[in-house]
Amino acid sequence: MLTTLIYRSQLNSSCKSEQLDALIKHARQRNALMNITGIMLFNGLEILQVLEGAEESIVKLFHRIRDDRRHTDVVELMRDYGPRRRFENVGMFLFDLRIESPKAVLESVLRYSKLESYLASEDRVFKFIQSFITQKKTARAASALTADKWTLSKENAPFGERIEGLIANQSCQFALQPIVEPTQGKITSLEALIRGNDGGSPERFFQSIDQNKIYEIDLQTKAYAFALAEKLGIGGHKIAVNLLPMSLVNVPGAVEFLVDQIKRHGLQPEQVVIEVTENEMISGFNQFNSAIKQLRAEGIGLAIDDFGSGYAGLSLLTRFQPDKIKIDREIVSDIHLSGPKQAIVKSIVSCCTDMEISLVAEGIEKLEEWCWLESAGIRRFQGFLFARPQLNGVGDIHWPHII
Ligand code: C2E
Ligand code: MN
Ligand code: MN
């Protein structure tokens, strides 16, 4: 299928921009063999390239481009399909913004393409080109942080006495995973993740129990999470627990139960955050809304979990605003490589800043992801990069610091 891919990148400072001509010449030959067409724009620092061709060829070429050390920060902006090529001349044409004015470049790109200008003005590919030429948008986040300048160092399990293995006489166990603020070297809170008595996943645990009692059990098990927090002595730290919204709606006296258990274990309601996922909230919103009010009246915090993975997205926030939003791992994984992901996260950051909702990015596994997100204004993170969940305790934490 005819595929169009656009990426932008930054010419490596060790690669002289004069070498660009050689690069283009080489690309032209290679692309001709693969029947790939397109154009390249260069502004002295950044490259924008449009590639058109058969899907397999484009994907193969893009992998090679990403590994090419002559440029860095290769970010995919668009991948789309279409009935015909915009640039039919097989090879690769360079438009150099150091030589020609933006207006002249824009005109020659249009002339070089086969699209009528009235069609081009509606075309996403041309919009990307136009934005690059006129630099209307600063496409990249001011990337003050670059992953190669950072490394991680280990802090041994920061919480008191360790509980070895399983806790007896419980129907389930909990693993704790810290949410951290790396620039402050601070633990923001601990999330309690349910485990079966064999250490199995939440999914397995919920499959193993009586399906008519899911909500009741979900609610009741939270008492073990609070007990664990008490045993470990989490002090003033916050503890986050996950709940199905229906566990708050269907179980009579659910909020009272939580408040009672929180206090029984020497915690304050203000220390506790309930996490619910976006999808589950939407399906029974009205009922759930009154449970939220009750939670808030008691001082308990509410977080939307896996934000961006469901179908409600930002429109959910017109209905109500939680204290905290956790951005789903799906959106932040490899964010340093994806233009669409970057645009989405930037808009989430901007909305949440205006609404004073605190943000956590979940599932961080790479320094590159953290660097991009930190530069975009996110301060709190959860992920294997910093700390893995640990059964009945808090594991080692890996703090980033400059090399
Ligand atoms: P969640 O609330 O989004 O929890 C985060 C999940 O992501 C955890 O999986 C955690 O181990 C995993 N995770 C954390 N950092 C990383 C990372 O860097 N990379 C990757 N690949 N994964 C990471 P877990 O423990 O299997 O939990 C899965 C889900 O089960 C939770 O997602 C939550 O929605 C649900 N859950 C957990 N405990 C409970 C509970 O007590 N009640 C209810 N109703 N649901 C629960
Ligand atoms: Mn969660
Ligand atoms: Mn989540």
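Extension gain, residue 154 to residue 263, is 35.9 nm, computed as 0.36 nm per intervening residue step minus the present C-alpha separation. For the stretch 228-305, the Cα-based Rg and Dmax, in that order, read 12.5, 37 Å. For residue 84, neighbours were defined as the other residues whose beta-carbon sits under 13 Å from its Cβ, and their charges (Lys and Arg +1, Asp and Glu -1) total -2.
For residue 69 and residue 285, the difference between the fully extended length at 0.36 nm per residue and the C-alpha to C-alpha distance is 72.7 nm. Packing around the peptides 67-73, 163-169, taken as the average count of other Cβ atoms within 10 Å per residue, puts them in this order, highest first: 67-73, 163-169. Between helix 19-34 and the chain there is an angle of about 90 degrees, using the helix long axis and the longest principal axis of the Cα atoms. Net charge in the neighbourhood of residue 362 (other residues with Cβ under 15 Å of its Cβ; Lys, Arg +1, Asp, Glu -1) is -4. Judged by the mean number of other Cβ atoms found within 10 Å, the most tightly packed of the peptides 51-64, 171-184 leads the ranking 171-184, 51-64.
With both labels modelled 7 Å from their Cα along Cα-to-Cβ, the residue 131 to residue 111 distance reads 2.7 nm. Against the chain, whose longest principal axis comes from its Cα atoms, helix 285-298 is set at around 60 degrees. Modelled spin labels at residue 186 and residue 309, positioned 7 Å past Cα toward Cβ, are 2.7 nm from each other. Using the average count of surrounding beta-carbon atoms within 10 Å as a protection proxy, the listed peptides 187-194, 11-18, 294-301 rank, highest first, as 187-194, 294-301, 11-18. With N counted as the residues of the stretch 2-133, its alpha-carbon radius of gyration over 2.2 N^0.38 Å works out to 0.97.
Straight-line cross-link reach from residue 127 at under 23 Å between alpha-carbon atoms covers these lysines, not counting any fewer than eight positions away in the same chain: 103, 114, 136, 137, 341, 346.
Only lysines eight or more places from residue 16 in sequence, or on another chain, were considered; those with a Cα closer than 24 Å are 25, 149. Each 5 Å bin from zero holds the following percent of Cα-Cα pairs in the stretch 147-402: 1, 6, 13, 17, 19, 18, 14, 8, 3, 1, 0. If only the Cβ of Lys and Arg carry +1 and only the Cβ of Asp and Glu carry -1, the dipole of the stretch 103-262 around its Cα centre is close to 1020 debye.
The distance from the alpha carbon centre of the stretch 340-391 to that of the stretch 69-109 is 31 Å, rounded to a whole number. Where only DSSP H runs of four or more residues are counted, the chain gives -11000 deg cm²/dmol as its mean residue ellipticity at 222 nm, each run worth -39500 (n - 2.57).
Its alpha carbons give the stretch 318-403 an Rg and a Dmax of 13.6, 45 Å. Can you list the aspartates and glutamates whose alpha carbon is less than 15 Å from that of residue 263, not counting same-chain residues fewer than 8 positions off? Straight-distance partners of residue 263: 230, 298. Rounded to the nearest 20, the Cβ-based charge dipole of the stretch 269-403 about its Cα centre (Lys and Arg +1, Asp and Glu -1) stands at 200 debye. Cross-link check: pairs 213/293; 60/186; 186/222; 222/324; 154/293 evaluated at a Cα-Cα cut-off of 31 Å; pairs beyond the cut-off: 60/186; 154/293. Tell me which of 34, 131, 11 sits at the most positive position along the dipole axis of the stretch 2-133, charges placed on C-beta atoms (Lys, Arg +1; Asp, Glu -1). Ranked along the dipole, the leading option is 34. Summing Lys and Arg as +1 and Asp and Glu as -1 over all other residues whose Cβ lies under 12 Å from the Cβ of residue 22 gives a net charge of +2.
Helix 214-232 against the longest principal axis of the chain: what's the angle in degrees, Cα atoms only, rounded to the nearest 10? Compared with the principal axis, the helix lies near 80 degrees.
No value in this document is a laboratory result; all are computed from the given coordinates. Everything quoted here is computed from the prediction, not taken from an experiment. Note that each Cβ is placed from the backbone with ideal geometry, even for glycine, and that neighbours are counted across all protein chains shown.
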